[in-house]
Amino acid sequence: KNEVEQSPQNLTAQEGEFITINCSYSVGISALHWLQQHPGGGIVSLFMLSSGKKKHGRLIATINIQEKHSSLHITASHPRDSAVYICAVLRPGGADGLTFGKGTHLIIQP
Amino acid sequence: ETGVTQTPRHLVMGMTNKKSLKCEQHLGHNAMYWYKQSAKKPLELMFVYNFKEQTENNSVPSRFSPECPNSSHLFLHLHTLQPEDSALYLCASSQFRDNVLTFGAGSRLTVL
């Protein structure tokens, strides 16, 4: 079992819908990352958080350390949000590398 | 453009070929990474270089040979690869222990 599990694996929604992507992890962490990967491969870091909630534009990320769970929300979704969203965790003392989830493939239809 | 440039973007090679992937960053970062992304699998860390010193080699087969001549350039030399090595190879950089990675666009490798 992967230490980082994401759900759903695939999500198709209509433009304007509120989107939630979930990430659960089974190890102690010092930080959690949400990343976005567009077709073609490039990965962009969206958020790094260790507690609470962060907001950037239409994106909101939350984390519950006690429950070992994080969510990424997209409000007023748009076709350009179509991408793979990847959750990754950093273990305490694990400065050299992240442990990644398999990603959630999101398609927003017009 | 993220500031991390990878070339080539696409590479097709036979199992007996020797080729290299190149990564370049001018962000002033001192750590560089190679990741492998295979279909349906999470990103896998391959190598980490901090100030040109290799600090992690994640049990990668010797047919993959990294080289970091300076903190701005990173190579992955490929030799006698197998078809299962076909994947997207991603380079990233960061300030060491900063944990915020900047990724390149990746090099899509196909081994025939």
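Read-outs: derived from the displayed coordinates by stated rules, not from any lab. The model shown is predicted, which means the values in this text are computed figures rather than measured ones. Cβ: placed from backbone, ideal geometry, glycine included. Neighbour counts: every protein chain shown.
Cα convex hull of chain B: mean projected area in nm², to one decimal? Projected area, direction-averaged: 6.4 nm².
With a cut-off of 10 Å between beta carbons, the residues surrounding B:LEU74 carry a summed charge of 0, where Lys and Arg count +1 and Asp and Glu -1. Counting Lys and Arg as +1 and Asp and Glu as -1 over every other residue whose Cβ lies under 11 Å from the Cβ of B:VAL12, the net charge comes to +2. When the P(r) is computed for the protein assembly as shown, the part past 23 Å accounts for 48% of the Cα-Cα pairs.
Annotation: amide H-H contacts under 5 Å for B:ASN30 (H modelled 1.01 Å from N, sequence separation of 5 or more, or interchain): B:SER94, B:GLN95, B:PHE96.
Using the Kirkwood radius over Cα pairs, work out the Stokes-Einstein diffusion coefficient for the stretch A:51-110 at 25 °C and 0.890 mPa s, in µm²/s as a whole number. Estimated diffusion coefficient is 185 µm²/s. Considering only B:GLY3, B:THR55, B:LEU81, and ranking their Cα positions along the charge dipole of the stretch B:1-93 that arises from unit charges at the beta-carbon of Lys, Arg, Asp and Glu, the one farthest toward the positive end is B:LEU81. For a modelled paramagnetic label at B:THR80, 7 Å from Cα along Cα-to-Cβ, the residues of the stretch B:6-37 in reach, with backbone nitrogen under 16 Å, are B:14-19. Charge tally around A:ALA76: other residues with Cβ under 15 Å, Lys/Arg +1 each, Asp/Glu -1 each, net 0.
Close amide-amide hydrogen proximity is noted between A:GLY103 and A:GLN6, A:CYS87, each under 5 Å apart and 5 or more residues distant or on a separate chain (H modeled in the peptide plane; Pro and chain starts excluded). Here the stretch A:7-71 is treated as a sphere whose radius is the Kirkwood value from Cα pairs; by Stokes-Einstein at 20 °C and 1.002 mPa s it diffuses with a coefficient of 163 µm²/s. Rounded to the nearest 20, the size of the Cβ-charge dipole of chain A about its Cα centre is 180 debye, with Lys and Arg at +1 and Asp and Glu at -1. Result for chain A in a Gaussian network model with C-alpha springs under 10 Å: among A:GLN14, A:GLN66, A:GLN37, the largest mean-square fluctuation is at A:GLN66.
Scalar couplings 3J(HN,Hα) for the stretch B:85-96, obtained by applying the Karplus form with A = 6.51, B = -1.76, C = 1.60 to θ = phi - 60°, are 7, 4, 5, 9, 9, 10, 9, 9, 9, 6, 6, 4 Hz; x denotes Gly and Pro. Applying Stokes-Einstein at 4 °C and 1.567 mPa s to the Kirkwood radius of chain A, computed over alpha-carbon pairs, gives a translational diffusion coefficient of 93 µm² s⁻¹. Our estimate of slack between B:HIS10 and B:SER62, defined as 0.36 nm per intervening residue step minus the Cα-Cα distance, is 16.5 nm.
Placing unit charges on the Cβ atoms only, positive for Lys and Arg and negative for Asp and Glu, gives chain B a dipole magnitude near 300 debye about its Cα centre. Taken about its Cα centre, the protein assembly as shown carries a charge dipole of roughly 120 debye when the Cβ of each Lys and Arg holds +1 and the Cβ of each Asp and Glu holds -1.
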